[in-house]
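Visitor: Structure incoming, see below.
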Amino acid sequence: MASKSEQVFSDSQGEETIYRRVPEEKSREAEALREKELGNEAYLKNKDKAIKHYEKAIELDPNNIASRLNRAAAYHAQKEFDKCIEDCKTSIEVGRENNADLKQIAKAFRFTGRCYEDQKDYKEALKYYKLSQSECETEEIVKLIKEAGKQLEEVEKELKQSLVEKEKGNGFFKQGNFQQAIEHYGEAIKRNPKDAKVFSNRAAAYFKLEKYQEALDDSDKCIELDPTFVKGYLRKGASLKCLKRMSEAAEAYNKAKELDPTNEEAKAEFDKCIAETGDPQVDPEEIERILNEPKIQQIIKEMKAEPKSLLKHLQDPVIAGKMQTLLENGRITIP
């Protein structure tokens, strides 16, 4: 009887001939295993080198999730959490399709949980730790679930206290006690630094005290946390306007208009900024800021080569206002 590494063929007379062969799959699996081992050897000293070996192993044997999980571990060590999570999720899918060891599936869920925990997202971490436990319960995963649960309780407690401080700040703001409002908003931010609206509220309080740079900083943070929050751009525009940075204020109001075309404040303030941008008495620092903007420099470069190129840029009212300012202050000439 022919072995698994042999193949039987019959000729026209019915006589059988046995041909011995090494299956290509076995060769690729062996090569993949070698690449994985090379990755393991490089892991402690050179994560990038290890990742390259794991990538080769995955390419050679994509159905074996061990190399993919090793690469996930390397990504985790480099704090590339999104890549780690992606590898883990793919490992789970491939593992399910190929009846992988449940311990490997559990490891993928555990790695995913660690990524979320390292980013202080304890709710998601707990979710994936429990999924790992459902595949294979170990002392380690029981411990991780317990610790993540405690952290989540603490976070939820802080979030509740953050809301209390935010409401206190709102109360003082309404009373006109803006300094006290700022202090309570600060306490709210300490407990929940991801709440864009608190930064917006504190920006408003700083603005009332004529602390325009602080108001601008909080507005920028608000926008960073929530790029779709219109009030963040309105606060930013107002702060920039008071800092005599009219062209930047116009950009902020223009963004607010894009997000909410019905916002009358954004429309009115944008028009005012565009009008004031063309004022010859504009702050010299503002003119320098405009002149040093990469986009403006590119437009000037294009304009020198082809004067008509300016026309397409002037369709943007913000750009038109900036170019008008530079022209009226003698910083550019139109050929």
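The values are calculated or read from the model by the stated rules, or taken from the named source; none is laboratory data. Only a predicted model underlies this, so the values are computations on that prediction, with no experimental measurement involved. Here Cβ is always computed from backbone atoms with ideal geometry, including for glycine, and neighbour counts include all displayed protein chains. Areas reflect the complete protein model, heavy atoms only, side chains present, ligands, DNA and RNA absent. Shrake-Rupley method; radii C 1.70, N 1.55, O 1.52, S 1.80 Å.
Visitor: Just checking, does region 279-286 include any residue being in a helix (DSSP H, G or I), crowded, with 19+ Cβ neighbours inside 10 Å and of a type in the set (A, V, I, L, M)?
Guide: Initial filter on region 279-286 (in a helix (DSSP H, G or I)): 284-286.
Keeping just the survivors that are crowded, with 19+ Cβ neighbours inside 10 Å gives 286.
Narrowing the set further to residues that are of a type in the set (A, V, I, L, M) leaves none.
Scanning region 279-286 turns up no residue that is in a helix (DSSP H, G or I), crowded, with 19+ Cβ neighbours inside 10 Å and of a type in the set (A, V, I, L, M).
Visitor: Spot the failing condition for residue 177; the list is (1) among the polar types (S, T, N, Q); (2) closer than 23 Å to residue 252 by Cβ; (3) open to solvent by 50 Å² or more (accessible area, probe 1.4 Å), and only one is missed.
Guide: Failing condition for residue 177: (2).
Visitor: Residue by residue through region 206-237, note down the ones that are open to solvent by 20 Å² or more (accessible area, probe 1.4 Å) and more than 24 Å from the chain's Cα centre (by Cα).
Guide: 206, 207, 208, 209, 210, 211, 212, 213, 214
Visitor: Whether any residue in region 289-305 is within 19 Å of residue 254 (Cα to Cα), open to solvent by less than 10 Å² (accessible area, probe 1.4 Å) and not small (Gly, Ala, Ser) is what I want to check.
Guide: Yes, that holds for at least one residue.
Visitor: Would you point out which residue out of 194, 157 is open to solvent by 60 Å² or more (accessible area, probe 1.4 Å), outside any helix (DSSP H, G or I) and basic (Lys, Arg)? I'd like the intermediate steps shown before the answer.
Guide: Numbers: 157 fails: outside any helix (DSSP H, G or I).
On inspection, the qualifying residue turns out to be 194.
Visitor: Please specify each residue of region 160-174 satisfying the condition of being crowded, with 17+ Cβ neighbours inside 10 Å, among the charged types (D, E, K, R) and either on the phi > 0 side of the Ramachandran plot or under 27 Å from the mean Cα position of the chain (by Cα) (or both).
Guide: Of everything in region 160-174, just one residue is crowded, with 17+ Cβ neighbours inside 10 Å, among the charged types (D, E, K, R) and either on the phi > 0 side of the Ramachandran plot or under 27 Å from the mean Cα position of the chain (by Cα) (or both), namely 166.
Visitor: Anything in region 32-41 that is surrounded by 18 or more Cβ atoms within 10 Å (Cβ to Cβ) and within 11 Å of residue 70 (Cβ to Cβ)? List them, or say none.
Guide: Within region 32-41, 35, 36, 39 meet the criteria.
Visitor: Turning to a different aspect of this structure: I'm trying to understand the selection: among the residues of region 52-84, which are over 22 Å from residue 105 (Cβ atoms) and in contact with a helix residue (DSSP H, G or I) (Cβ under 6 Å, 6 or more places away or on another chain)?
Guide: Within region 52-84, 53, 56, 78 qualify.
Visitor: Identify, by number, the condition in (1) under 28 Å from residue 252 (Cα atoms); (2) open to solvent by 40 Å² or more (accessible area, probe 1.4 Å); (3) assigned to a helix (DSSP H, G or I) that residue 189 doesn't meet.
Guide: Here residue 189 clears every test but (2).
Visitor: Looking at (1) of a type in the set (D, E, K, R); (2) open to solvent by 60 Å² or more (accessible area, probe 1.4 Å); (3) more than 26 Å from the chain's Cα centre (by Cα), find the lone condition where residue 127 falls short.
Guide: For residue 127, the exception is condition (3).
Visitor: Go through region 237-274 and count every residue that is over 19 Å from residue 319 (Cβ atoms), part of a helix (DSSP H, G or I) and among the charged types (D, E, K, R).
Guide: Going residue by residue through region 237-274, those that are over 19 Å from residue 319 (Cβ atoms) are 238-239, 242-244, 259-265, 268.
Keeping just the survivors that are part of a helix (DSSP H, G or I) gives 238-239, 242, 259, 264-265, 268.
Still in the running and among the charged types (D, E, K, R): 264-265.
Counting residues in region 237-274 that are over 19 Å from residue 319 (Cβ atoms), part of a helix (DSSP H, G or I) and among the charged types (D, E, K, R) gives 2.
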